[in-house]
Structures are given as structure tokens and as C-alpha cells.
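One structure is given below, encoded as C-alpha cells.
Bear in mind these aren't lab numbers, they're just calculated from the coordinates by the rules spelled out. Here the structure is a predicted model, which is why all the values come from computation and not from measurement. Using ideal geometry, Cβ is built from the backbone for each residue, glycine included, and neighbour counts are taken over all protein chains shown.
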Amino acid sequence: MSAAYLLRRLLLALPALFGISIVLFTVLALAPGDPFGDLATNPNVPPEVRLALRAKFGLDDPVWQRYIHWLMAMLRGDWGFSFVSRVDVDRLILQRLPSTIAVIGAAQIVAILVAVPVGVLAATRPYSLFDQIANSLAFIGFSLPTFFTGLLLILIFSVNLGWLPFVYNTDLKETGLAWWGAQFRQSVMPVMVLGLFQGASLVRFVRSSVLDVIRLDYVTTARSKGIGERRVITRHVVRNAMIPVVTLVALQLPAVFSGAIVTEQIFRVPGIGSLLIASILANDTPVVMAVSFVFAALVILFNLIADIIYGWLDPRIAYR
Amino acid sequence: MASTTAPKPKPPLSPTREAWRRFRKHRLAVVGLIVLALLVLAIIAGPTLWPVAIDDIDFAAQLKPPSWAHPFGTDDLGQDLLSRLIHGGRISLAVGLSAMAVSASVGITIGAIAGMARGWVDTALMWVTDLFLSLPQLPLLLLIIYLFREKLKALLGAEGGVFVLIVIVIGGLRWMPVARLVRAQFLSLREKEFVEAARALGASKFRLVVNHILPNALGPVIVAGTIDVAAAIIAESTLSFLGLGFPPDIPTWGRVLFDAKDYLDIAPTWALFPGAAIFLAVLSINFVGDGLRDALDPRRVH
């Protein structure tokens, strides 16, 4: 992989960020209501003060100037001040981001650990009993909405069996090994809800990708050289079959974020998803805008990472 | 000699019969179709068979488990859950179907324009499609609903405003797969001989698209549309579950689940029934979509 490939990918990510920022700004600009609505109806604020404020924040400028102003502020990390929490929005988000990334990351690992073996096994025995069961379970898995599986798990493991806590706690009192134990116990359900949902849709991709590769000539060659079936699958088939799966994992990320918002809300994980919901319910516009922007930026970032991994896995891509 | 004794070849089946024959082979799809038909029947005939008001408050029967008087139990106000779920199912399915109609029409229009125009129009439209594909859907959905809800409520009333908003937004964020499918189909179909023949006969561009190309491109679109119905139902329930969809007096399945989630320990059945309803509807629609793929999408047969 060359530096030119990296640079080209980076340059391609910029217009996407630009496009998403335009969409977000358009939504904001089209929205009814004046950000200074309270000031307009408040009799204690004289009209000239209001007009001065409007001029200061550039609300009477042409749209494109307001957009550039807003974009520059977003890129500088100047995201405004949360009306509700009384802190800067960027600090608020930075506090919440690690929990979200941890839950999403762990869920992705669970999804891959479940989907790859099951998908490969199903593809090596197409239309067998195992394949049919795996396929049906995958269908059930991605037809079960995350909010329902979350409630079901709480009902079974917290309410009925009492094994796991159903509220996520960031200030655990335990230390050392006990801290890890408690952290594990409280993360199991959110991670499983998200990971199994994600894994269920991945299984089908892995299966069809392996099926595409397994009939290629080089696999027959490998077999005819007398290499054991197991080694052919793990060394020759899976490595190449995983290349399209990497892209699919990245393309699925917007859906993962949707799932993360719901899971964080159910299990009260203090991440940026539950922050988004709380700010919407509290009419905290700067936080709502900034969190949406962060989600969009994360999607682009992970697409970029997927592109880079893709170029590394498949060197032919980089030289095209 | 052999040719005279050979059985007469069966007359070819019509495309619909052929598709139905292939659909029937997918056993789970047939089961899905039956479950879906039963659900739709229950939702249509339900209010006449079970004429209990959805807002009949009865404090003597709060949070009851299923009984003969209330087959699905009651909620915290003693309202009958069976009739609430029947009513909610109408809205959930209506949202799903309307959002699918929106996303399919937007997708077909954009895909058709991109496939016919090619050149820079195609490039620009596909860039927009890719951009929309990388938008984080739920955050954007929440953002738009947050910003526009009050305005539309004032314009169209609580129920109508939220319905229109949810349908347009869900539909408007899900057209991209359809657009890509239609474009790909158009690019290959427009070079086929039958289109060439129609063009040679002097058919206008519009007539080519509507009468010749589009009908042949519809198979994959129908499959994608079916799955979109399920996705829209999930999206609507998610919004309602987060407390940002329909107001409490409109008991969609997600909304009932949202109200039930704080009473899991006292009245688990309150949450189980709406959750199972969403799951059954989505699962059967997904299976029907899979069966339709076998039946309609010639590329996927293996």
C-alpha cells in the first residue's frame, strides 16, 4: 500500500464530510423557530439588544456565510455551550464518547467472533441441516429489534434470575480485579444485544462471500495439491472471502450507531447515544447538533479505516 | 420414433405462475405469508370482533396478567392491551407501507434518471446516493423530528403531523438501495434488443422507461420494497420506543413497549405482547421478502 493510496482515500473522505455537514446545516437552517425565540418573547430584553445579538451571531448574514461560519466553528471544536449541563459541549461529548466506543467496539468483536465461524461453517456445508438452522437463526436475529431483545434480557437475567445489574454504572466502587468483574457483568447485556444483532446480519454476508470464493480455481488447485480440507478453508478460502466482509462491516456502521443509541437508552449506558436522547427531550439544541455531527464524522472515519484495511488486504485495489 | 412417444412438453407457465411456483418452494416464506395474512386480518377485523375502547380506563384492573376479560392483560391505567395492540398495529403497518411507498418512488425516480441520463447527471446522483448511505440514520431521524415536530403538529394535528413526518423522514432516508438497484438494472436493460427495437419504432424516452424498461426492472425493487416495510416498522417502533414518535394516546406497538418498560418486574406481559407483535410482523415480512427474492430475482438463484 502506497502513500499515494492513503492520500487519495483521505482526500475522498473530505467531500463526504463536507456533504454531510451540508445536510446537517440544511436541516438546521430549514427548521422552524428562532434560536433566540426566548429572547424575542421576553419583555425584559429590549429589541435593540436582540438585534445586536443577532448581528453578533451572524443570523442576518446570507445562508452560505452562515454555513461557513458554522462549519469553521464545528471544525475548530467550538461547539457551543450546553444549556442544560452548563458545560462546553465538546467536554460533555468527550466525557461520554469512551463508553459508546467501548460498547460498540466490544459488540463488533462479538459479532465477528460469532458470524465468521458460523458463516464459514454454513458455507462449507451448503443446504445442510446446520446451514438451514444458522440461516433461520440469522433471520430471527435481525428481525428482533434491539429494544425488544434488550428488554427480554433484562426480564430474564435481571428481573427473574437476578444475575446481572440492569443499570450501567460508571463510578464502580470495586478496584483491581473486582472492578473488571463488575465492569464485565454490567457490559454483558448491552454488548450482547448489539453484537448478536450485528452478527446475525453478518452471518449471511460471510456465508455468501465464502460460497463465492470456494468455487474458484485456485481453491481446487490447493485441494489437488493434497492440502487438508481444514487448511484449505482456513488458509486459502477465508482470507480472501473476508475482503468484501470488511467493507460490509464498515457500511453497516450507521445501523450499528442506531442500535447503540437504543441500547444505551435501555441499559442507561452514559454514552453519546443516551446524551442525544436526553438533549432532545431537554431541547438542548447545541448538544443535539454536535452529537449528530460526531456520529456522522465517526461513520466517515470508519469508512476511511475500512478503505485502508481493504487496500492492505487486497493489494490490487491500491494500484488501480 | 422416439419423438412421437415422448410426452408432450408442458406449456410454459405465465411469469406470475412461475414466480408463485418458485415462491412456494421456500417453506419459511409461505409460513411468513400466512402469519402476515393472519396479522393483517386481525388488525382489520379486530375492532369488530373485540369492541373494547382503547382508552377505557379502569383502575380496578391495573397491570393485570392475561385473563378472559383482558386476553393480553392491562396497562397501568387498566386499559385493555388487546384492543390497544390491534389499533396500534393499524398505525404501525400503515407507517411501514407508506414509508415504503415514499422510499420506492424516490428510489425509482432517482435510479431511473441516473440510469437513463448517464454522464455527469449519473455521477452527481450516485454521489448523493453514496452520501445518504453514509448518513447515520437514527441520529438524523431524531434530529429532524426534534426540529420539525412542533411545526407539523400545529399544521396537521398531533396524529397526522407525526404520521406525515415519520413517513417522509423514514422513506426519505431509505431510498438509496432502491435507487442503486434501479440504476444498475437500467444500465443493462437499456442496451437490450427489445429496448433497441422499441426505440427504432420511434418510442419516446418516457415511453421507453415506463412501458419497456421499468416493468423489467421491478423484480429486485419489489424485494427491496418488502424488506423496507419491515425496516420502516422497526424505525417507527424505535422512535416511539425512545419516546419521540407518536404521542401516548396513539398506542403504536413501539409506544406501548415504551410505556411498559418501567413495569418489567410487575407486569412483564405488558411488554411481551407488543414486542412479540413487532417481532412477528418483521420476521414474517423478512421471510416473505426472501421468498420473493427466490421468485423474482433471477440473479440470486443458486
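Note: relative contact order over chain A, using C-alpha pairs below 8 Å and six or more positions apart, is 27 percent.
By count of other Cβ within 10 Å, fewest leading, how are A:Ser279, B:Ser240, A:Ser136 ordered?
On the way: A:Ser279 26, B:Ser240 31, A:Ser136 13.
Result, fewest neighbours first: A:Ser136, A:Ser279, B:Ser240.
Peptides B:29-39, B:137-147, A:4-14 ordered by packing proxy, namely the average of other Cβ atoms within 10 Å per residue, highest first: B:137-147, B:29-39, A:4-14. For A:Phe81, the residues 5 or more places off, or on other chains, whose built amide H falls under 5 Å of its own are A:Val89. In this calculation the C-beta distance from B:Tyr263 to B:Thr48 is compared with R0 = 45 Å, giving a FRET efficiency of 0.90. With R₀ fixed at 25 Å, the C-beta to C-beta distance from B:Lys153 to A:Gln65 puts the FRET efficiency at about 0.20.
Which of the DSSP-defined H helices in chain A satisfy a minimum axial length of 30 Å, computed from C-alpha atoms, and a minimum mean Kyte-Doolittle hydropathy of -0.5? Span-like helices in chain A: A:3-30, A:89-124, A:176-214, A:285-313. Peptides A:191-202, A:294-305, ordered by how many other C-beta atoms sit within 10 Å of their residues on average, highest first, read A:191-202, A:294-305. For peptide A:146-153, the mean count of partner chain Cβ atoms within 10 Å of a residue's Cβ comes to 6. Extending 7 Å from the Cα toward the beta-carbon at both A:Arg239 and A:Ile22 defines two label points whose distance is 4.3 nm. GNM remark for chain B: springs join alpha carbons under 10 Å apart, and the peak mean-square fluctuation among B:Arg22, B:Arg199, B:Arg84 falls on B:Arg199.
Computed over the Cα atoms of the protein assembly as shown, the ratio of the radius of gyration to the Kirkwood radius (Rg/Rh) comes to 0.99. Helical content alone sets the calculated 222 nm signal of the protein assembly as shown at -24000 deg cm²/dmol, taking -39,500 (n - 2.57) per DSSP H segment of four or more residues and averaging over every residue. One Cα centroid belongs to the stretch B:202-262, the other to the stretch A:185-238; the line between them spans 32 Å. Computed over the stretch A:97-313, the P(r) curve from all C-alpha pair distances, binned at 10 Å from the origin, holds 8, 28, 30, 22, 10, 3, 0 percent per bin. Residue exposure proxy: B:Lys192, A:Lys173, B:Lys261, ordered by other Cβ atoms within 10 angstrom of their Cβ from fewest to most, comes out as A:Lys173, B:Lys192, B:Lys261. For the stretch B:147-214, applying the loop criterion from DSSP together with a ceiling of 13 other beta carbons within 10 Å to the GluC sites (Glu not before Pro) yields B:Glu191. Against the main long axis of the alpha-carbon atoms of chain B, helix B:268-296 sits at an angle near 10°.
Of the residues A:Ala260, A:Ala122, A:Ala178, the one that moves most in a GNM of chain A with alpha-carbon contacts below 10 Å is A:Ala178.
With a Förster radius of 45 Å applied to the beta-carbon distance between B:Glu196 and B:Val30, the computed FRET efficiency rounds to 0.70.
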